[in-house]
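Coordinate-derived values only; no laboratory data. In this text, all values refer to a predicted model and were calculated from it rather than measured experimentally.
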Amino acid sequence: MSPRPSATALRDIAAALLTRAGLDPAKADAVAEILVEGDLLGHTTHGLALLPQYLAEAEKGSMSRSGEPEVVSDFPAAVTWDGRRLPGPWLVLRALELAAARAQQYGTCAIAIRRSHHIGCLAAYLKRVTDQGLMVILTCSDPNVCSVAPFGGRREVFTPNPLAAAWPTDGDPVILDVSMSITTNGLTKRLHTEGKRFPGIWALTADGEPTGDPAALYTNPPGTLLPMGGLDHGHKGYAFALLVEALTGALAGHGRADPKEGWGATVYVQVFQPACFGGAGAFRRQTTHVAEVCRTTPPRPGVERVRLPGEAGLRRRAEQMIHGVDLHPAIMPALQPWAEKLGVGIASR
């Protein structure tokens, strides 16, 4: 068995490819870091699997390779940027840095970003915030794409509209990253490519019939993904999808009501400093207590123990930082043509 590549080696490969594709070095490093972090946490459809698509976007100019975001508005605790289709990971990392700094002074800061490029795995951003003792909410939509039907409908309106959040405890942070659809576009595409089915009834055909076949999303007209909750409780995922639309497109002032520009994201990030509310110590006392109560809850039959959101990902990350990254087998073959085209050696890294 070949040794697993290290996270450092994978970041170097990704950054080299992105730099050769024309991204500024700082932007290339940011994108590489977030994509590899996605794989470290086990989000294999939203890690380096995205890199070939990002390179193609940079090559054709749909992803801006240099420049700065435009400041649309700037109040002490509320900021809006026009991302000018710059790389999403770089924009989000910049936004988190600014939001964290202002939250230290004002208790909280929210930043909306319109016209960002795709931002990758939301969970990949969160630990850097909780490591500072802060709480974070991060969500995004893509007004250029739709694949999810509103509950009761059979035509696509939304993207999966993920909502992520994280907060510190006296132990590991709680980290959640949940789509408002049953599954993501990335996993749907992978299963369709591999000729596999969903584990359950996760989609509708174009005629509105429930199905477990990802191919339903690739007909003309296409079928749709069901909202989180599926046929029984999809009204909940639908409602949360509307909330994400309000936090992203509505607050940023740019979304589904505007002309499409290509694959991208509209982003909302908010950081909280618990010390400015009930106190940092009191915050951790509460979050640690709730986490411990959940962990020690007696499990139902067939369940080993109750886990917290993000626990498995953090454990996977720690293991892969030591033993190398267990990449999905399709990733390196997909990168090889780009490595040859851009003159980046990847086989020996």
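Recomputing Cα extents along the principal axes in Å from the coordinates shown identifies the correct label among [x] 53, 49, 48; [y] 67, 43, 42; [z] 67, 48, 42 as [x]. Stretching the chain fully between Glu68 and Arg84 yields a gain of 5.0 nm (0.36 nm per residue, less the alpha carbon separation).
Before anything else, pin down the relative contact order of the chain: Cα pairs under 8 Å, at least 6 apart, normalised by residue count, whole percent. Could you put the intermediate results ahead of the total?
Working: 725 pairs, mean separation 76.3, N = 349.
It rounds to 22 percent for the chain.
Could you tell me which of rounded, prolate or oblate describes region 1-144, using a ≥ b ≥ c as the square roots of the eigenvalues of the alpha-carbon gyration tensor, with rounded for a/c under 1.5 and, failing that, prolate when a/b is larger than b/c and oblate otherwise? Oblate, since a/c reaches 1.5 and b/c is not below a/b.
Of all aspartates and glutamates in the structure, the ones whose alpha carbon falls short of 18 Å from that of Lys236, not counting any fewer than 8 places away in one chain, are Glu156, Asp177, Glu245.
Relative contact order, whole percent, for region 183-225 stands at 33, derived from Cα pairs under 8 Å and 6 or more residues apart. Using the structure shown, select from Lys27/Lys260; Lys60/Lys189; Lys127/Lys341 the pairs with a Cα to Cα distance greater than 32 angstrom. From Lys27/Lys260; Lys60/Lys189; Lys127/Lys341, over 32 Å: Lys127/Lys341. The alpha carbons of region 214-349 occupy a box of 54, 47, 41 Å along the principal axes, longest dimension given first.
Note on the chain: antiparallel DSSP beta bridges, both residues inside, total approximately 85 percent of the bridges counted. In the elastic network of the chain, a GNM with C-alpha springs shorter than 10 Å, the most mobile of Pro337, Pro76, Pro329 is Pro329. The overall shape of region 67-128 is oblate: from the C-alpha gyration tensor, with semi-axes ordered a ≥ b ≥ c, the ratio a/c is 1.5 or greater and a/b is no larger than b/c.
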